[in-house]
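Values quoted throughout were computed directly from the atomic coordinates according to the rules given, and no laboratory measurement underlies them. Model, not experiment: these values are computed from the prediction. Note that we place each Cβ from the backbone using ideal geometry, even for glycine, and neighbour counts take in every protein chain shown.
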Amino acid sequence: MREPEKDLSAIRVAWPASLEFLVMTLVILADALFLARLGTDVLAGMGVSVTVFRFFYEAFLGIGVASTTVVAQAIGAHNRDLAERGAAQAISLALLVGVAAGGVGALLAPTAMRLMGVGGLAGEAGATYMRINLLASPLYAVALTGGGVLKGAGDTRTPMMFTLIASIFKVMLNVVFIYGKLGFPAMGVAGAALATLLAYGLNTLLIMGKLRAGFDGISIRLRSFSPDGELLKRIVSLSWPVAVERMVMRFGFIFYVRIISSLGIVALAANTVAVRLESIFITVGFGFTIAATTLVGQAVGRGDLTAAREKAYESLRFAVITMTSLTVILILLRNLAVGMFGPEESVRSLATVCVVIGAFELPALGMLFTFAGASRGAGDTLSPMLVAAVGTFVFRLPLVYLLGVHFGLGLEGIWYGTLIDWIGRATLMWLIFRSGKWRKKAFVEEGEKAET
């Protein structure tokens, strides 16, 4: 017999996920604030480093998304054995890819900074920060995927709490390692990255402990990790489009930062400040991505496509209202927020203008994130990838070059180009979801659904 359906609302699922992503972003912001005290060159190097090393992270971010879809649909179909095995296979895959991506990235860190046109103290600081963060990749990959498993079951609070605990631990270690407290030497940028590595380790232990202890009637046991080629193949088919999507987006962002670095250290530092501030508000929208993925995935798993569509639009309503409100807040707080970094006046004025432009991106991002999450929850991970490719190569790259360089608008022109890009992507994603393509992409097969 089927178990009673859980009535999960979009806001109930979204807010802990939004808070989790916000905490993760604040941790990077904390690094920027701590390292800003070491000088503009160190801040600029750290900003470029984050842009580059997260390109390597994209290789396993797709597995985290796939784990949410797999578990959501399996639970919707009341097949907890499939949920357990799917979760374990996804975690195993994440560990392997995390080791590979992290190892390659760590070796290429100095070369990557040179290719980005950053040398001297900024290049040295960025390479150090990048290398240590990439060595933490396997831990981050497992924690991310394990958290995705819990989110697929509708539990976004536990990953949020674990992330909060690990982040507090990370900030405490920042003080100790960066400036040299409690008998430790002052390690500067290396200390910030080392603190991140240890925090990821703590988060991984907490997540794996929870999965072993059990959630929603499921416990990830050792036998679940026995290789299952067919199931692993299905998980990879969900994962690779997300990984490619994220890599394409990261490539576009790297190109964007490369152009900015050619504008000089002031533009680079101003962009680092503006991106860090905007990202705080953007991460709230990620919660609605998780909500749409989970709720649509569970509805598709039980074969209720009407409910799946309704949950997508429920998530959209909350996302647009929330992100529009944040647009107003960010504009009102722009001077105070930029001032937290204590930048030079030239950096301050340029960063403030970019923050205002970025604020107007938020409603479009809420729409894009929601429909992309809904499509992934239904099993259609290919459409968001195609939208990312169109956005990067048709919208972002041409617009960033034309407005920022060709027409001489500098950093402001580059940010106007990204605003147009996000609006175009959101519109395309809405049109694709509206077409109903997602209805034919379910991960769970008919024979895997529990009997009524």
Part-to-part distance (alpha-carbon centres) for region 337-414 and region 13-62, which is given in Å = 16
Can you find, among 134, 386, 72, the residue farthest towards the positive end of the dipole of region 10-447? Put +1 on the C-beta of Lys and Arg, -1 on that of Asp and Glu.
-> 72
Taking neighbour Cβ counts within 10 Å as the exposure measure, how do 41, 304 sort from fewest upward?
-> 304, 41
Once you list every other residue whose beta carbon is under 13 Å from the beta carbon of residue 24, what net charge do they have if Lys and Arg are +1 and Asp and Glu are -1?
-> +1
May I ask for the angle, rounded to the nearest 10°, between helix 189-213 and the longest principal axis of the chain, with both axes built from Cα atoms and the value confined to 0 to 90°?
-> 10
The chain: projected area of the alpha-carbon convex hull, averaged over directions, in nm² = 19.9
Compute the semi-axes of the equivalent ellipsoid of region 27-79, taking the square root of 5 times each eigenvalue of the Cα gyration tensor, and list them largest first in whole Å.
-> 38, 12, 4
Determine by what factor the alpha-carbon radius of gyration of region 116-166 differs from 2.2 N^0.38 Å, reporting the quotient.
-> 1.63
Likely footprinting exposure, 320, 296, 70, fewest C-beta neighbours within 10 Å first = 320, 70, 296
Viscosity 1.306 mPa s, 10 °C: Kirkwood-radius Stokes-Einstein D of region 323-452 over Cα pairs, µm²/s | 94
For a label point 7 Å from the Cα of residue 335 along Cα→C-beta, name the residues of region 349-373 whose backbone N is under 20 Å from it.
-> 349-360
How much of the calculated P(r) for region 279-355 lies past 21 Å, in percent of all Cα pairs?
-> 47
Dividing the convex hull volume of the alpha carbon atoms of region 1-97 by its residue count, what do you get in Å³ per residue?
-> 109
Could you run the Debye sum over the Cα atoms of region 231-300, one equal point scatterer each and no solvent, and tell me log10 of I(q)/I(0) at q = 0.11 Å⁻¹, two decimals?
-> -0.46
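Sum -39500 (n - 2.57) across every DSSP H segment of at least 4 residues in the chain, then divide by the residue count to get the 222 nm mean residue ellipticity, nearest 500.
On the way: 16 runs with 356 residues, N = 452.
That comes out to -27500 deg cm²/dmol.
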Taking Cα atoms only, helix 305-332 is inclined relative to the longest principal axis of the chain by an angle, in degrees rounded to 10, of 20
Can you tell me the dipole magnitude for region 10-447 around its Cα centre, using point charges on the Cβ only (Lys, Arg +1; Asp, Glu -1), in Debye to the nearest 20?
-> 520
By how many degrees, between 0 and 90 and to the nearest 10, does the Cα long axis of helix 229-261 differ from the longest principal axis of the chain?
-> 20
Around residue 133 (Cβ within 13 Å, Cβ-to-Cβ, excluding residue 133; K/R +1, D/E -1) the net charge comes to +2
